[in-house]
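All of the numbers you see were taken from the coordinates with simple rules; none came from a lab. A quick note: this is a predicted structure, and the numbers were derived from the prediction, not measured. Here the Cβ is made from the backbone with ideal geometry for all residues, glycine too, and neighbour counts use every protein chain on show.
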Amino acid sequence: MKKKVVVTGAAGFIGSHLCEKLVSDGYEVSGIDCFTDYYDPARKRQNIEGLLKNDCFSLIEQDINSCDLLSVLAGADCVFHLAAQAGVRRSWGAEFSHYVQLNILATQKILEAIRKLGGIRLVYSSSSSVYGETQDLPMKEDHRLRPISPYGATKLSGEDLCELYYHNYGIRYVALRYFTVYGPRQRPDMAFSRFITSAFQGGGIEIYGDGKQTRDFTFVSDAVEANVLASRYEGDERVFNIGGGSRVSILEVLEIIESETGKTLNVEFTQRALGDVTDTWADTSRASSELGFSPHISLREGLAREVGWYREYLGV
Ligand code: UGA
């Protein structure tokens, strides 16, 4: 019999790639998604078009906060919890209630269901944004955590909840702190998606600040591989940085995108965005020694693949 796993946020950018990998690895995958309208839900429907044709994948179109999680999770070996309200810069003001609902309350619901059912492992999708602004680079898992965005605070609360359910109930979990994931089907609000779309369709792009901020960009298949490794992990560590080993500035990214697309970007520099950290850089030595993780896709290669995907998607 095939092993059953559950993926929350199955129709999202990383979630849909993870489901494809798990199905091809021989798992029976139940994917939950409630198709929030943070960005066009039609894009999420496209993300899972192929999966819906596969008998080993089933879609549960429901909200974690209101569905019967006990029946959804029953019989599963592992829950990959990717569902979240994403987006660092939009997490201020009235929007924050969505972040609390989808990142904190939903995570607690998953943990409660796992507690009641017993024997299910959890792989929690966390974020580099839990570190906040720091000059102590590269970032290590045991560094001080002081998020500077409401989004980062909710992702850290999710980690804290995992840890306290582990402490009190022995629930086995692994939290993966992703560093700015990119690649085909990347969320349309993210930097590369916006830059590539503008390169092909015209219109200007805004750079928040001077463009010298850096990110340790991570290709989506590397983030997916980290999830698979985490689901099999038997050791004692619980939190891992997952970075792509491709730390570059946004200015450098612009050059690569111009050379990959053959277009000139129309760039306007605006104010730095509140909540954005200046630099991220992952120390992945723990993920390497404990999980056997190493990123395989360089930024040039990964950007070429994302540009190629956008060419097809936009029909250009
Ligand atoms: C990304 C994801 O959106 C978060 O969900 C995730 O948790 C986070 O990575 C993480 O690593 O923890 P971010 O690094 O802000 O957040 O990713 P992008 O939206 O791709 O932005 C990258 C950089 O480009 C940022 O410095 C941002 O200020 C800049 N940017 C983005 C612009 O200058 N202009 C834009 O139009 C968009």
(request) State to the nearest 20 debye the size of the charge dipole of segment 212-316 about its Cα centre, where the only charges are +1 on K and R beta carbons and -1 on D and E beta carbons. (result) 180 debye
(request) Quick one: angle between helix 191-201 and the longest Cα principal axis of the chain, in degrees between 0 and 90, rounded to 10, please. (result) 50 degrees
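Using the Kirkwood radius over Cα pairs, work out the Stokes-Einstein diffusion coefficient for segment 213-261 at 4 °C and 1.567 mPa s, in µm²/s as a whole number.
Estimated via Stokes-Einstein, D reaches 101 µm²/s.
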(message) If N is the number of residues in the chain, what value comes out of its Cα radius of gyration divided by 2.2 N^0.38 Å?
(response) 0.95
(request) Please list, in chain and number order, the residues 5+ apart from V123 or on another chain whose amide H is under 5 Å from its amide H, with Hs placed from the backbone. (result) V79, F80, H81, V174
(request) Note down the net charge around M1, summing +1 for each Lys or Arg and -1 for each Asp or Glu among other residues with Cβ under 12 Å from its Cβ. (result) +1
(request) Would you kindly derive the ³J(HN,Hα) couplings of segment 289-299 from the backbone phi angles with the Karplus curve 6.51 cos²θ - 1.76 cosθ + 1.60 (θ = phi - 60°), listing them in order in whole Hz, with x for Gly and Pro? (result) 6, 8, 9, x, 7, 8, x, 10, 10, 6, 4
(message) Once the convex hull of the alpha carbons of segment 248-316 is built, what does its volume come to per residue, in cubic angstrom?
(response) 143 Å³
(request) Using a Gaussian network model of the chain whose springs link C-alpha atoms within less than 10 Å, name the residue from D77, D216, D25 with the highest mean-square fluctuation. (result) D25
(request) Tell me what the chain gives for mean residue ellipticity at 222 nm when only DSSP H runs of n ≥ 4 count, each as -39,500 (n - 2.57), the sum divided by the residue total, rounded to 500 deg cm²/dmol. (result) -11000 deg cm²/dmol
(message) Using only the alpha-carbon atoms, how far is helix 150-169 inclined from the longest principal axis of the chain? Give it as 0 to 90 degrees, nearest 10.
(response) 20 degrees
(request) Would you grab the residues whose amide H sits under 5 Å from the one on M139? Only those 5+ places off in sequence or on another chain, please, with H modelled 1.01 Å from N. (result) W281, A282, D283
(message) Please report the net charge: other residues with Cβ closer than 11 Å to the Cβ of A223, K and R +1, D and E -1.
(response) 0
(request) Using only the alpha carbon atoms of segment 1-124, find the Kirkwood hydrodynamic radius as the inverse mean reciprocal pair distance, in angstroms to one decimal. (result) 14.7 Å
(message) For a quick check: with amide H placed at 1.01 Å from N, whose amide H comes under 5 Å from F293's, ignoring anything fewer than 5 positions away on the same chain?
(response) S288
(request) Please sort by residue number the GluC sites (Glu not before Pro) in segment 66-159 whose DSSP state is loop and whose Cβ has at most 14 other Cβ atoms within 10 Å. (result) E133
(message) A 31 angstrom limit on the alpha carbon distance is what I want to check against. Which of K155/K263; K3/K116; K4/K155; K53/K155; K2/K140; K53/K140 exceed it?
(response) K155/K263; K53/K155; K2/K140; K53/K140
(request) Run the dipole for the chain about the Cα centre, Lys and Arg Cβ at +1, Asp and Glu Cβ at -1, nothing else charged, and hand back the magnitude in debye, nearest 20. (result) 360 debye
(message) If I histogram all Cα-Cα distances within segment 68-220 using bins 5 Å wide from 0, what percent of pairs lands in each bin?
(response) 2, 8, 16, 18, 18, 15, 11, 6, 4, 2, 0
(request) Send over the semi-axes of segment 181-316's equivalent ellipsoid, whole angstrom and largest first, taken as the square roots of 5 times the C-alpha gyration tensor eigenvalues. (result) 29, 18, 11
(request) State, to one decimal in nm², a quarter of the convex hull surface area for the C-alpha atoms of segment 134-201, i.e. the direction-averaged projected area. (result) 6.8 nm²
(request) Using only Cα positions of segment 51-157, each an equal point scatterer, no hydration layer, compute I(q)/I(0) via Debye at q = 0.19 Å⁻¹ and quote the log10 values to two decimals. (result) -1.02
(request) In whole angstrom, note down how far apart the Cα centers of segment 272-296 and segment 94-130 are. (result) 21 Å
(request) Filter the GluC sites (Glu not before Pro) in segment 174-253 to those in DSSP coil with at most 11 other Cβ atoms within 10 Å of their Cβ, and list the result. (result) E234
(message) Just to compare against my own numbers: the Cα pair-distance distribution for segment 79-140, 10 Å bins, whole % per bin, please.
(response) 18, 40, 30, 11, 0
